[in-house]
Amino acid sequence: MRILDELKGCRTIGISGHENPDGDCAGACLAMALFLKKAMPEARTDVFLEELRPELYRNIPGAEKVKTDFTSDVDSYDAFIVLDSACDRIAGAGDMFLRAAKTINIDHHISNPGSAMVNYINGGSSSACELVYEVIDQDLLDREIAQALYTGMVTDTGCFRFSNTSQKTMETAGKLISFGFDFPRIVREVYFEKTWIQQKVLGKALMKSKSMLGGRCIVSRLNQECIRSLGGVGKDVEGIVSALVSTTGADCSIFAHERPSGEWRVSLRSNQYVNVAAIAEVYGGGGHIRASGCTIGTDRDITFCLMKMVEMAGEQLKAMEA
Ligand SMILES: [Mn+2]
(Lines give C-alpha, C1' and ligand atoms only; values in the text may rest on other atoms or scores of the structure.)
Protein backbone atom coordinates (compact mmCIF):
# COMPACT_ATOMS: atom_id res chain seq x y z
CA MET A 1 0.00 0.00 0.00
CA ARG A 2 1.13 3.56 -0.77
CA ILE A 3 -0.95 5.89 1.39
CA LEU A 4 -0.72 8.84 -1.04
CA ASP A 5 -2.35 6.75 -3.77
CA GLU A 6 -5.23 5.97 -1.43
CA LEU A 7 -5.72 9.63 -0.49
CA LYS A 8 -5.64 11.20 -3.97
CA GLY A 9 -7.98 14.19 -4.14
CA CYS A 10 -8.83 14.13 -0.42
CA ARG A 11 -9.10 17.58 1.20
CA THR A 12 -10.07 16.50 4.72
CA ILE A 13 -8.46 13.53 6.46
CA GLY A 14 -9.26 12.21 9.95
CA ILE A 15 -6.95 9.88 11.87
CA SER A 16 -7.57 7.85 15.02
CA GLY A 17 -6.40 4.80 16.95
CA HIS A 18 -7.42 2.68 19.91
CA GLU A 19 -8.75 3.73 23.31
CA ASN A 20 -6.18 4.36 26.02
CA PRO A 21 -3.51 5.17 23.40
CA ASP A 22 -0.01 3.79 23.94
CA GLY A 23 3.22 4.88 22.28
CA ASP A 24 2.63 2.83 19.14
CA CYS A 25 -0.89 4.12 18.64
CA ALA A 26 0.01 7.77 19.27
CA GLY A 27 3.29 7.50 17.35
CA ALA A 28 1.59 5.98 14.30
CA CYS A 29 -1.23 8.55 14.24
CA LEU A 30 1.07 11.54 14.68
CA ALA A 31 3.72 10.28 12.24
CA MET A 32 0.97 9.81 9.66
CA ALA A 33 -0.37 13.32 10.33
CA LEU A 34 3.11 14.88 10.10
CA PHE A 35 3.76 13.05 6.85
CA LEU A 36 0.44 14.07 5.29
CA LYS A 37 0.97 17.70 6.26
CA LYS A 38 4.19 17.58 4.32
CA ALA A 39 3.02 15.51 1.36
CA MET A 40 -0.46 17.06 1.03
CA PRO A 41 -0.11 20.60 2.47
CA GLU A 42 -3.42 21.66 0.93
CA ALA A 43 -5.35 18.97 2.84
CA ARG A 44 -6.59 19.35 6.41
CA THR A 45 -5.50 16.54 8.73
CA ASP A 46 -7.02 16.01 12.20
CA VAL A 47 -5.91 13.45 14.80
CA PHE A 48 -8.44 12.21 17.36
CA LEU A 49 -7.24 10.26 20.39
CA GLU A 50 -7.95 10.02 24.10
CA GLU A 51 -5.61 11.95 26.40
CA LEU A 52 -1.98 10.83 26.05
CA ARG A 53 0.28 10.01 28.97
CA PRO A 54 2.73 12.84 29.81
CA GLU A 55 5.79 10.97 28.55
CA LEU A 56 4.13 10.62 25.13
CA TYR A 57 3.32 14.34 25.00
CA ARG A 58 6.98 15.03 25.73
CA ASN A 59 8.41 12.64 23.16
CA ILE A 60 6.08 12.52 20.16
CA PRO A 61 6.24 15.60 17.92
CA GLY A 62 2.83 17.15 17.26
CA ALA A 63 1.19 15.46 20.25
CA GLU A 64 -0.13 18.80 21.53
CA LYS A 65 -2.35 19.05 18.42
CA VAL A 66 -4.30 15.85 19.15
CA LYS A 67 -8.04 16.52 19.48
CA THR A 68 -8.89 14.73 22.70
CA ASP A 69 -12.47 16.04 22.78
CA PHE A 70 -13.35 14.20 19.54
CA THR A 71 -15.17 17.19 18.07
CA SER A 72 -14.75 18.59 14.57
CA ASP A 73 -16.49 21.06 12.32
CA VAL A 74 -15.95 18.66 9.42
CA ASP A 75 -19.11 16.60 9.14
CA SER A 76 -17.86 13.98 6.75
CA TYR A 77 -14.12 13.52 6.18
CA ASP A 78 -13.00 12.64 2.66
CA ALA A 79 -10.90 9.90 4.26
CA PHE A 80 -10.63 8.48 7.78
CA ILE A 81 -7.61 6.38 8.75
CA VAL A 82 -7.63 4.02 11.76
CA LEU A 83 -4.19 2.94 13.00
CA ASP A 84 -3.07 0.26 15.50
CA SER A 85 -6.68 -0.77 16.14
CA ALA A 86 -9.73 -2.47 14.77
CA CYS A 87 -12.29 0.07 13.57
CA ASP A 88 -14.72 -0.54 16.43
CA ARG A 89 -12.33 0.40 19.27
CA ILE A 90 -11.65 4.04 18.44
CA ALA A 91 -13.42 5.72 21.38
CA GLY A 92 -15.22 8.93 20.37
CA ALA A 93 -14.17 8.75 16.71
CA GLY A 94 -16.54 5.93 15.79
CA ASP A 95 -19.23 8.13 14.25
CA MET A 96 -16.75 10.19 12.24
CA PHE A 97 -15.31 6.97 10.88
CA LEU A 98 -18.75 5.75 9.80
CA ARG A 99 -19.60 9.07 8.10
CA ALA A 100 -16.33 9.32 6.14
CA ALA A 101 -16.40 8.95 2.35
CA LYS A 102 -13.44 6.58 2.41
CA THR A 103 -12.12 4.51 5.31
CA ILE A 104 -8.66 2.98 5.70
CA ASN A 105 -7.41 0.60 8.41
CA ILE A 106 -3.71 -0.10 9.01
CA ASP A 107 -2.92 -2.47 11.87
CA HIS A 108 -0.61 -5.20 13.13
CA HIS A 109 -3.08 -7.05 15.40
CA ILE A 110 -3.71 -10.46 13.91
CA SER A 111 -7.23 -10.50 15.37
CA ASN A 112 -8.26 -7.40 13.38
CA PRO A 113 -10.97 -8.43 10.85
CA GLY A 114 -10.20 -5.40 8.66
CA SER A 115 -13.57 -3.71 8.39
CA ALA A 116 -12.61 -0.50 6.56
CA MET A 117 -13.00 0.01 2.80
CA VAL A 118 -9.24 -0.37 2.39
CA ASN A 119 -7.37 -2.60 4.84
CA TYR A 120 -3.68 -3.18 5.38
CA ILE A 121 -3.42 -5.68 8.23
CA ASN A 122 -0.13 -7.48 8.86
CA GLY A 123 0.01 -9.54 12.05
CA GLY A 124 3.66 -10.30 11.39
CA SER A 125 4.70 -6.69 11.81
CA SER A 126 6.14 -5.44 15.11
CA SER A 127 4.02 -2.33 15.36
CA ALA A 128 1.63 0.01 13.61
CA CYS A 129 4.59 2.39 13.30
CA GLU A 130 6.55 -0.14 11.27
CA LEU A 131 3.55 -0.37 8.90
CA VAL A 132 3.23 3.42 8.67
CA TYR A 133 6.90 3.52 7.70
CA GLU A 134 6.08 1.10 4.86
CA VAL A 135 3.13 3.03 3.43
CA ILE A 136 4.55 6.59 3.49
CA ASP A 137 6.99 7.96 0.90
CA GLN A 138 10.30 7.52 2.66
CA ASP A 139 12.02 10.35 0.83
CA LEU A 140 9.80 12.73 2.84
CA LEU A 141 10.89 11.30 6.21
CA ASP A 142 12.30 13.88 8.57
CA ARG A 143 13.50 14.01 12.14
CA GLU A 144 10.02 14.57 13.63
CA ILE A 145 8.30 11.78 11.71
CA ALA A 146 11.22 9.46 12.49
CA GLN A 147 11.01 10.23 16.22
CA ALA A 148 7.26 9.54 16.33
CA LEU A 149 7.72 6.20 14.55
CA TYR A 150 10.67 5.21 16.74
CA THR A 151 8.65 5.87 19.91
CA GLY A 152 5.99 3.44 18.71
CA MET A 153 8.47 0.75 17.74
CA VAL A 154 10.21 0.98 21.12
CA THR A 155 6.84 0.64 22.87
CA ASP A 156 5.53 -2.41 21.05
CA THR A 157 8.80 -4.34 20.86
CA GLY A 158 9.70 -3.71 24.51
CA CYS A 159 12.84 -1.92 23.28
CA PHE A 160 13.42 -4.52 20.56
CA ARG A 161 13.33 -7.45 23.02
CA PHE A 162 10.07 -9.23 22.11
CA SER A 163 9.83 -11.92 19.46
CA ASN A 164 7.88 -9.57 17.15
CA THR A 165 11.22 -7.83 16.47
CA SER A 166 12.38 -8.82 12.97
CA GLN A 167 15.35 -7.99 10.79
CA LYS A 168 13.09 -5.50 9.04
CA THR A 169 12.20 -3.93 12.40
CA MET A 170 15.86 -3.38 13.23
CA GLU A 171 16.66 -2.05 9.75
CA THR A 172 13.75 0.36 9.96
CA ALA A 173 14.80 1.49 13.44
CA GLY A 174 18.35 1.94 12.15
CA LYS A 175 17.15 4.29 9.40
CA LEU A 176 15.01 6.21 11.87
CA ILE A 177 17.83 6.91 14.35
CA SER A 178 19.97 8.24 11.49
CA PHE A 179 17.82 11.41 11.76
CA GLY A 180 19.62 12.21 14.99
CA PHE A 181 16.91 12.58 17.63
CA ASP A 182 17.62 11.79 21.27
CA PHE A 183 16.68 8.10 21.22
CA PRO A 184 18.15 7.13 24.62
CA ARG A 185 15.77 9.68 26.14
CA ILE A 186 12.78 8.08 24.39
CA VAL A 187 13.71 4.63 25.66
CA ARG A 188 14.22 5.97 29.16
CA GLU A 189 11.12 8.13 29.42
CA VAL A 190 8.63 6.10 27.38
CA TYR A 191 9.70 2.65 28.38
CA PHE A 192 11.58 2.53 31.67
CA GLU A 193 10.64 5.58 33.68
CA LYS A 194 8.20 5.14 36.58
CA THR A 195 6.89 7.69 39.05
CA TRP A 196 8.30 7.46 42.57
CA ILE A 197 4.92 6.15 43.73
CA GLN A 198 4.99 3.44 41.07
CA GLN A 199 8.48 2.48 42.22
CA LYS A 200 7.29 2.18 45.82
CA VAL A 201 4.26 0.10 44.79
CA LEU A 202 6.55 -2.17 42.77
CA GLY A 203 8.92 -2.47 45.72
CA LYS A 204 6.05 -3.42 48.00
CA ALA A 205 4.85 -6.08 45.54
CA LEU A 206 8.36 -7.53 45.30
CA MET A 207 8.78 -7.59 49.09
CA LYS A 208 5.44 -9.31 49.54
CA SER A 209 6.01 -11.86 46.76
CA LYS A 210 6.07 -15.57 47.43
CA SER A 211 8.19 -18.11 45.61
CA MET A 212 6.04 -21.14 44.78
CA LEU A 213 6.62 -24.43 42.97
CA GLY A 214 10.24 -24.43 44.06
CA GLY A 215 10.84 -20.99 42.59
CA ARG A 216 9.15 -21.63 39.25
CA CYS A 217 6.13 -19.44 40.00
CA ILE A 218 6.42 -16.03 41.71
CA VAL A 219 3.15 -14.75 43.18
CA SER A 220 2.25 -11.45 44.75
CA ARG A 221 -0.83 -9.39 45.59
CA LEU A 222 -1.66 -5.89 46.80
CA ASN A 223 -4.96 -4.85 48.32
CA GLN A 224 -6.53 -1.41 47.99
CA GLU A 225 -5.47 -0.30 51.42
CA CYS A 226 -1.85 -1.11 50.64
CA ILE A 227 -1.85 0.63 47.23
CA ARG A 228 -3.53 3.72 48.69
CA SER A 229 -1.23 3.89 51.69
CA LEU A 230 1.63 4.42 49.21
CA GLY A 231 -0.30 7.14 47.39
CA GLY A 232 -0.99 4.89 44.42
CA VAL A 233 -3.97 4.08 42.24
CA GLY A 234 -4.81 1.13 39.97
CA LYS A 235 -2.63 2.14 37.04
CA ASP A 236 0.42 2.28 39.29
CA VAL A 237 0.64 -1.52 39.33
CA GLU A 238 1.44 -1.72 35.60
CA GLY A 239 4.57 -3.74 34.92
CA ILE A 240 4.70 -5.50 38.30
CA VAL A 241 3.80 -8.91 36.88
CA SER A 242 6.63 -8.60 34.33
CA ALA A 243 9.09 -7.70 37.07
CA LEU A 244 8.04 -10.83 38.99
CA VAL A 245 8.53 -13.16 36.01
CA SER A 246 12.07 -11.79 35.50
CA THR A 247 13.20 -13.75 38.56
CA THR A 248 15.95 -16.31 37.96
CA GLY A 249 14.44 -19.78 37.70
CA ALA A 250 10.86 -18.57 37.33
CA ASP A 251 8.64 -20.00 34.61
CA CYS A 252 5.65 -17.84 35.35
CA SER A 253 4.30 -15.09 37.60
CA ILE A 254 0.92 -14.15 38.99
CA PHE A 255 0.08 -10.71 40.34
CA ALA A 256 -3.28 -9.68 41.78
CA HIS A 257 -4.43 -6.21 42.83
CA GLU A 258 -7.69 -5.22 44.42
CA ARG A 259 -9.85 -2.68 42.67
CA PRO A 260 -11.85 -0.05 44.57
CA SER A 261 -14.95 -2.21 43.87
CA GLY A 262 -13.44 -5.09 45.86
CA GLU A 263 -12.86 -7.22 42.76
CA TRP A 264 -9.36 -8.51 42.11
CA ARG A 265 -7.59 -8.08 38.80
CA VAL A 266 -5.14 -10.91 38.20
CA SER A 267 -2.32 -10.73 35.63
CA LEU A 268 -0.26 -13.73 34.59
CA ARG A 269 3.02 -13.94 32.65
CA SER A 270 5.00 -16.89 31.36
CA ASN A 271 8.55 -17.03 30.03
CA GLN A 272 8.57 -20.17 27.95
CA TYR A 273 6.50 -23.16 29.01
CA VAL A 274 3.32 -22.36 30.92
CA ASN A 275 0.21 -21.47 28.90
CA VAL A 276 -1.19 -18.73 31.13
CA ALA A 277 -4.12 -18.02 28.77
CA ALA A 278 -5.47 -21.47 29.65
CA ILE A 279 -5.29 -20.63 33.36
CA ALA A 280 -6.98 -17.23 32.97
CA GLU A 281 -9.74 -18.80 30.88
CA VAL A 282 -10.77 -20.99 33.81
CA TYR A 283 -11.74 -17.73 35.57
CA GLY A 284 -13.45 -16.15 32.57
CA GLY A 285 -10.38 -14.22 31.42
CA GLY A 286 -8.01 -14.77 28.52
CA GLY A 287 -5.24 -13.24 26.48
CA HIS A 288 -2.08 -14.67 25.00
CA ILE A 289 -0.14 -17.84 25.88
CA ARG A 290 2.60 -15.76 27.57
CA ALA A 291 0.47 -12.90 28.93
CA SER A 292 -3.05 -13.12 30.22
CA GLY A 293 -5.43 -11.81 32.84
CA CYS A 294 -8.74 -12.37 34.57
CA THR A 295 -10.97 -10.73 37.15
CA ILE A 296 -12.01 -12.43 40.39
CA GLY A 297 -15.35 -11.14 41.64
CA THR A 298 -16.20 -10.38 45.26
CA ASP A 299 -18.13 -13.68 45.44
CA ARG A 300 -14.87 -15.64 45.33
CA ASP A 301 -11.98 -16.03 47.73
CA ILE A 302 -8.87 -14.53 46.13
CA THR A 303 -6.42 -16.58 48.22
CA PHE A 304 -8.07 -19.82 47.15
CA CYS A 305 -8.19 -18.74 43.48
CA LEU A 306 -4.50 -17.81 43.46
CA MET A 307 -3.57 -21.15 45.03
CA LYS A 308 -5.59 -22.90 42.32
CA MET A 309 -3.81 -20.94 39.59
CA VAL A 310 -0.40 -21.90 41.00
CA GLU A 311 -1.57 -25.50 41.12
CA MET A 312 -2.61 -25.40 37.46
CA ALA A 313 0.76 -23.93 36.46
CA GLY A 314 2.43 -26.73 38.43
CA GLU A 315 0.35 -29.36 36.65
CA GLN A 316 1.29 -27.92 33.26
CA LEU A 317 4.98 -27.99 34.17
CA LYS A 318 4.72 -31.54 35.47
CA ALA A 319 2.90 -32.71 32.33
CA MET A 320 5.64 -31.22 30.17
CA GLU A 321 8.35 -33.06 32.06
CA ALA A 322 6.54 -36.40 31.95
MN1 LIG B 1 0.59 -1.52 18.38
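The values are calculated or read from the model by the stated rules, or taken from the named source; none is laboratory data. Owing to the predicted nature of the structure, the values given are computational and were not obtained by experimental measurement. Heads up, the Cβs are rebuilt from the backbone with ideal geometry, glycines too, and the neighbour counts pull from every protein chain shown. Quick note on the areas: whole protein, heavy atoms, side chains included, nothing else; ligands and nucleic acids left out. Shrake-Rupley method; radii C 1.70, N 1.55, O 1.52, S 1.80 Å.
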_So for the chain, averaging the separation of alpha carbon pairs under 8 Å that are six or more residues apart and normalising by length, what relative contact order in percent results?_
12 percent
*asked:* Below 8 Å between Cα atoms, with a sequence gap of 6+, how large is the relative contact order for segment 3-192 in percent?
replied: 24 percent
*Once the other residues with Cβ under 11 Å from the Cβ of Glu189 are scored (Lys, Arg +1; Asp, Glu -1), what is the net sum?*
+2
*Would you mind calculating the gained length between Glu193 and Glu281 on full extension (0.36 nm times residue separation, minus the Cα-Cα distance), in nm to one decimal?*
28.5 nm
*So how strong a dipole does the chain carry about its Cα centre when Lys and Arg Cβ are +1 and Asp and Glu Cβ are -1, to the nearest 20 debye?*
940 debye
_Summed side-chain charge close to Pro113 - residues other than Pro113 whose Cβ falls under 14 Å, Lys, Arg +1, Asp, Glu -1_ = -1
_Using the Cα centre of the chain as origin and beta-carbon charges of +1 (Lys, Arg) and -1 (Asp, Glu), tell me which of Gly9, Gly239, Ala31 is placed farthest towards the positive end of the dipole._
Gly239
*Where only protein heavy atoms count, and the probe is 1.4 Å, what is the accessible area per residue for the chain in Å²?*
46 Å²
*Select from Gln199, Asn223, Val187 the residue farthest towards the positive end of the dipole of segment 165-245; place +1 on Cβ of Lys and Arg, -1 on Cβ of Asp and Glu, and compute about the Cα centre.*
Asn223
*Largest to smallest accessible area among Asp107, Asp5, Asp137, Asp73 [probe 1.4 Å]*: Asp73, Asp5, Asp137, Asp107
*Would you be so kind as to identify which of Asn105, Gly158, Cys305 lies farthest towards the positive end of the dipole of the chain, taking Lys and Arg as +1 and Asp and Glu as -1 on Cβ and the Cα centre as origin?*
Cys305
_If I histogram all Cα-Cα distances within segment 1-81 using bins 5 Å wide from 0, what percent of pairs lands in each bin?_
3, 16, 28, 24, 18, 9, 2, 0
*asked:* Once neighbouring chains are kept in place and the probe is 1.4 Å, which whole percent of the accessible area of the chain is contributed by carbon and sulfur?
replied: 51 percent
*Cβ charges +1 (Lys, Arg) and -1 (Asp, Glu), total dipole of segment 1-60, debye*: 400 debye
*Among bridges DSSP assigns within the chain, what percent are antiparallel (round to 5)?*
40 percent
_Below 19 Å, Cα to Cα, which lysines can Lys37 reach? Residues fewer than 8 away in the same chain don't count._
Lys8, Lys65, Lys67, Lys102
_Those trypsin sites (Lys or Arg not before Pro) in segment 167-207 that DSSP places in a loop and that have at most 16 other beta carbons within 10 Å_ = Lys194
_With just the Cα atoms defining each centre, how far is segment 175-202 from segment 237-306? Give it in Å._
26 Å
_Could you tell me the center-to-center distance, by alpha carbons, between segment 1-34 and segment 56-88 in angstrom?_
7 Å
*Using a 1.4 angstrom probe with every protein chain in place, what is the largest-first accessible-area order of Phe70, Phe179?*
Phe179, Phe70
*With both partners inside segment 196-321, how many of the DSSP beta bridges are antiparallel, as a percent to the nearest 5?*
75 percent
*Compute the acute angle (0 to 90°) between the alpha-carbon long axis of helix 23-39 and the principal axis of greatest extent of the alpha-carbon atoms of the chain; round to the nearest 10°.*
10 degrees
_Ranked order, Val190, Val135 - accessible area, probe 1.4 Å, largest first_ = Val190, Val135
_Estimated 222 nm signal from helices in the chain, with DSSP H stretches of n ≥ 4 weighted -39500 (n - 2.57), rounded to 500_ = -11000 deg cm²/dmol
*Using alpha carbons only, how many degrees (0 to 90, rounded to 10) separate the axis of helix 167-177 from the longest principal axis of the chain?*
60 degrees
*If Lys and Arg each add +1 and Asp and Glu each add -1, what is the summed charge of the other residues whose beta carbon sits under 10 Å from the beta carbon of Glu134?*
+1
*Determine the relative contact order of segment 196-321: mean sequence separation of Cα pairs under 8 Å and six or more apart, normalised by residue count, in whole percent.*
19 percent
*Taking 0.36 nm per residue of separation and subtracting the Cα-Cα distance, what length does fully extending Ile289 through Asp5 add?*
98.4 nm
_Let me check I have the definition right: for the chain, take the eigenvalues of the Cα gyration tensor, multiply each by 5, take square roots. What are those semi-axes in whole Å, largest first?_
39, 20, 19
_Between Arg228, Arg58, Arg44, where does the largest GNM mean-square fluctuation fall for the chain, given springs only between Cα atoms within less than 10 Å?_
Arg228
*At Ser242 and Ser111, where each label point lies 7 Å from the Cα along Cα→Cβ, what is the point-to-point distance in nanometres?*
1.9 nm
*With +1 on each Lys and Arg Cβ and -1 on each Asp and Glu Cβ, and nothing else charged, work out how big the dipole of segment 145-256 is about its Cα centre, in Debye to the nearest 20.*
320 debye
*Given the protein chains as shown and a 1.4 Å probe, how many square angstrom of Val47 are accessible, to the nearest 10?*
10 Å²
*What ranking do 119-125, 63-69, 247-253 get when scored by the average of other Cβ atoms within 10 Å per residue, highest first?*
247-253, 119-125, 63-69
